[in-house]
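This report concerns only the one structure given below.
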Amino acid sequence: MKFLRDALDKAKHNFEKGGKYNKFFYLFEAIDTFMFTPNTTASEKGVQVRDAVDLKRLMMTVVIAMIPCLVFGIYNVGHQHFLAIGQSAPLGDKIMIGLWQVLPIIIVSYTAGGLAEVVFAIVRKHPINEGFLVTGMLIPLVMPPGIPLWQVAVATIFAVVIAKEAFGGTGMNILNVALTARAFLYFAYPLQISGEVWTYLPDKAQTVAGYSGATPLAIAAQAGTTQGADVVVQLNNFGAGWADNIYSFSNLFFGFMPGCIGETSTLMCLLGALILIATGVGSWKIMVSVFGGAYLMGLFLNFVGGNAFVEMPAHYHLVMGGLAFGAVFMATDPVTAAQTETGKWFYGFLIGVFTVLIRVFNPAYPEGIMLAILLMNVFAPLIDYFVVSANKKRRLQRATV
Amino acid sequence: MAEVAEQVEKKSEGLFSKKNRKLISHPLDLENPVTVQVLGICSALAVTTQMKPAFVMSLGLTIVTASSNVVISMMRNTIPSRIRIIVQLAVVSLWVILVDQILKAYVYDVSKQLSVFVGLIITNCIVMGRLEAYAMSNKPWPSFLDGIGNGIGYGLILMTLAFVRELFGSGAVFGFKVFEAVSLPYQGNGLMLLPAGACILLGIIIWVQRSINGYREG
């Protein structure tokens, strides 16, 4: 590592004030601090927070927490592919197919977003934002495996420029950047991100007899419009002959089913949640309250009744679609979530409630977690405002001045 | 001597003096009704999915603004100030109805596309704003120019929005399929066809304009 340090030190004067490449100082700084801990941390004396964790390391923790989802996602893309074409394949083949589909998406997302990030850093003369490490990884995880790469690039650039840089960069954005990318694709190119696109199938692939690419949420929404249907029965019967029990409750939990690359497995999301909570990076309050909100709303709908989807057992809502992934990685984004501790409960709870509401009552959007989180992102400052002013009122009453 | 000076000054106040030319050029950029004063947003988002209706709409608004400016400016000394708004509305609606009828007679399809938005020119803030801010206190000729200038300023933004939205949303310009003509595959961007996409685009236009012109709060 010594030679790297030396090389960086040698080049440094070119980028400092008066140097040849002063314009690109922040690019240099980003590379430098990415590889080595900066030596400009808090001094030994005085009252300061002295912690090895800076923004870059914090973001890396989130990326590490996503690895279970990513690895499982890569395997699952291949697994679903072979299920759909009705072949059995060794583990290695499945992973190869998965890598072949997923890696390009990750590379494109990082390159496109990173480019936008660097251009803005140089023009605006601010340091390059590490926040993109997480965003660049989140974006591929919420994409269907067969998404065209140019769409990933366009969506990433849109999200970085409109959702983040227009508001002033990392820490200033109102909306979750990765979800903005997904929402952009959802409204701009719905053909490639809705319907039966969740299994990777090459153009001329011959699917197995009886194959259907419907997701659990689509099946449930369909059942909701049919008289006397039962969602659980339909889910259990789905895939008979080519993928038995693919939508049984336990399999929905483990995640061997079609879906976005990283969202299918609730188990892997919970593993990630464990890492986030153990390191103190993600707020457990938000995660718990999202699940709680969705579950309670599900119970309430069961109580009210109406159609088959409304009467679906509430615990199914927790394992279907991207609720777990959204709750763990998207809702807990420290920038866009509520900041006050009490506010976090409300924020998460409402995300859960709205997710179920959108799922059950809006036929146009089978999955509600993305829109629910974006909606609550907008309301998070308002929640904080109420919490803070309630606190003020309470303290004023106590004051005897 | 003073008299002579005044005469000279009067002579130099020609039809297209520097001051009058500014009435046209300012609303195009520095005083743009849409991007700077943020007026008329509703119609700017609603009628800009295609260039043709956007063009007709800008034309309609320019005619209405300019002609009601002239009429109000001629009447300005006789309008009692307590009922001026209703008088302005009456004049504006006269012109709007005229424009609406002409559109229905000659370009029926566009008129159908624009639907209520032609009628809503009556309440368009740009029209009312120019009447209140300019025509009520200026002579007919400058008021006319002011109306034309603001109409063109509005039209400029509308046409820019519509150009980008139609080009990226449906791959066409004025209904002419550009990408098909050069046989490039192009998939329409659905966001551009939604009003939300127009809102984002408008934001980008304001962003670009401010970074060129500079911007001061207040």
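The values are calculated or read from the model by the stated rules, or taken from the named source; none is laboratory data. What you are looking at is a predicted structure, and each value in this text was computed from that prediction instead of being measured. We place every Cβ from the backbone using ideal geometry, glycine too, and count neighbours over all the protein chains shown. Accessible surface areas use protein heavy atoms only, side chains included; no ligands, DNA or RNA. Shrake-Rupley method; radii C 1.70, N 1.55, O 1.52, S 1.80 Å.
How much space per residue, in cubic angstrom, does the convex hull of the C-alpha atoms of segment B:101-209 take up?
Roughly 154 Å³ of hull volume per residue.
Please find, in a Gaussian network model of chain A (springs between Cα atoms separated by less than 10 Å), the residue of A:GLU44, A:GLU130, A:GLU341 whose mean-square fluctuation is greatest.
Of A:GLU44, A:GLU130, A:GLU341, the most mobile in the Gaussian network model is A:GLU44.
Using a 1.4 angstrom probe, figure out how much accessible area segment B:90-218 has per residue, in square angstrom, rounded to the nearest whole.
52 Å²
Test of understanding: express the Cα radius of gyration of segment A:227-329 as a ratio to 2.2 N^0.38 Å, with N the residue count.
1.17
When chain A is treated as a GNM, springs tying every alpha-carbon pair under 10 Å, which of A:VAL118, A:VAL160, A:VAL102 comes out with the largest mean-square fluctuation?
A:VAL118
Using alpha carbons only, how many angstrom separate the centre of segment B:200-217 from the centre of segment B:117-168?
Their Cα centres are 19 Å away from one another.
Could you work out the relative contact order of chain A, using alpha carbon pairs under 8 angstrom and six or more residues apart, expressed as a whole percent?
Dividing the mean separation by the residue count of chain A yields 15 percent.
Calculate one ³J(HN,Hα) per residue across segment A:311-320 by plugging θ = phi - 60° into the Karplus curve 6.51 cos²θ - 1.76 cosθ + 1.60, and present them in order as whole Hz with x for glycine and proline.
8, 4, x, 4, 5, 5, 4, 6, 9, 7
Only helical DSSP H runs with n ≥ 4 go in: add -39500 (n - 2.57) per run for chain A, normalise by residue count and round the 222 nm mean residue ellipticity to 500 deg cm²/dmol.
Estimated from H runs of four or more residues: -19500 deg cm²/dmol.
Note every residue of segment A:173-194 with a reduction of at least 30 square angstrom in accessible area, all protein chains present versus the isolated chain, computed with a 1.4 Å probe, or write none.
A:PHE184, A:PHE187, A:ALA188, A:TYR189
Computed over the Cα atoms, what is the radius of gyration of chain A divided by 2.2 N^0.38 Å, N being its residue count?
The reported ratio for this selection is 1.08.
Rounded if a/c is under 1.5, else prolate if a/b is larger than b/c, else oblate: which is segment A:55-193, with a ≥ b ≥ c the root eigenvalues of its Cα gyration tensor?
prolate
Using the Cβ atoms and a cut-off under 12 Å, what net charge is assigned to the surroundings of A:ILE383, where Lys and Arg are +1 and Asp and Glu are -1?
Net local charge, A:ILE383 excluded: -1.
Could you work out the mean projected area of the convex hull around the alpha carbons of chain B, in square nanometres to one decimal?
15.8 nm²
Can you work out ³J(HN,Hα) from phi for every residue in segment A:323-338, in order, using Karplus 6.51 cos²θ - 1.76 cosθ + 1.60 and θ = phi - 60°, giving whole Hz and x for Gly and Pro?
Whole-Hz 3J(HN,Hα) from phi for segment A:323-338: 4, 5, 4, x, 5, 7, 9, 9, 5, 7, 3, x, 6, 9, 7, 5.
Give me the percent relative contact order of segment A:257-390, please, defined on Cα pairs under 8 angstrom at least 6 residues apart.
28 percent
Hey, can you list the DSSP H helices of chain A whose Cα span along the axis is 24 Å or longer and whose average Kyte-Doolittle score is at least 0.0?
Answer set is A:55-84, A:91-124, A:284-304, A:341-361, A:369-398.
Whole angstrom only: what separates the Cα centroid of segment A:171-196 from the Cα centroid of segment A:146-170?
Their Cα centres are 9 Å away from one another.
Using a Gaussian network model of chain B whose springs link C-alpha atoms within less than 10 Å, name the residue from B:VAL38, B:VAL96, B:VAL182 with the highest mean-square fluctuation.
B:VAL182
Tell me the per residue accessible area of segment A:55-193 using a 1.4 Å probe; a whole number in Å² is fine.
Ligands and nucleic acids excluded, the figure is 36 Å² per residue.
Using a 1.4 Å probe and counting only protein heavy atoms, how much accessible surface gets buried when B and A come together, both sides summed, in Å² to the nearest 100?
Summing both chains' loss of accessible area gives about 800 Å².
Can you give the local net charge around A:ASP333? Use residues other than it whose beta-carbon is closer than 13 angstrom to its beta-carbon, Lys and Arg +1, Asp and Glu -1.
+2
Would you report the distance distribution of C-alpha pairs in segment B:128-177 as whole percents per 10 angstrom bin, up to the bin with the largest distance?
P(r) over segment B:128-177, rounded to whole percents: 25, 32, 20, 18, 5.
What number comes out for the charge environment of A:ASN22, summing +1 per Lys or Arg and -1 per Asp or Glu over other residues with Cβ under 13 Å away?
+3
Take the solvent-accessible surface of the protein heavy atoms, probe 1.4 Å, and return the percent of it on the protein assembly as shown that carbon and sulfur atoms account for.
67 percent
Using modelled amide H (1.01 Å from N, peptide plane; none on Pro or chain starts), what sits under 5 Å from the amide H of B:ALA172, excluding residues fewer than 5 places away?
Those qualifying (amide H under 5 Å, at least 5 residues apart or on another chain) are B:LEU167, B:VAL178.
Please identify the DSSP H helices in chain B that span no less than 20 Å along the helix axis (Cα) and have a mean Kyte-Doolittle hydropathy of -0.5 or more.
B:51-75, B:84-106, B:140-170, B:195-213
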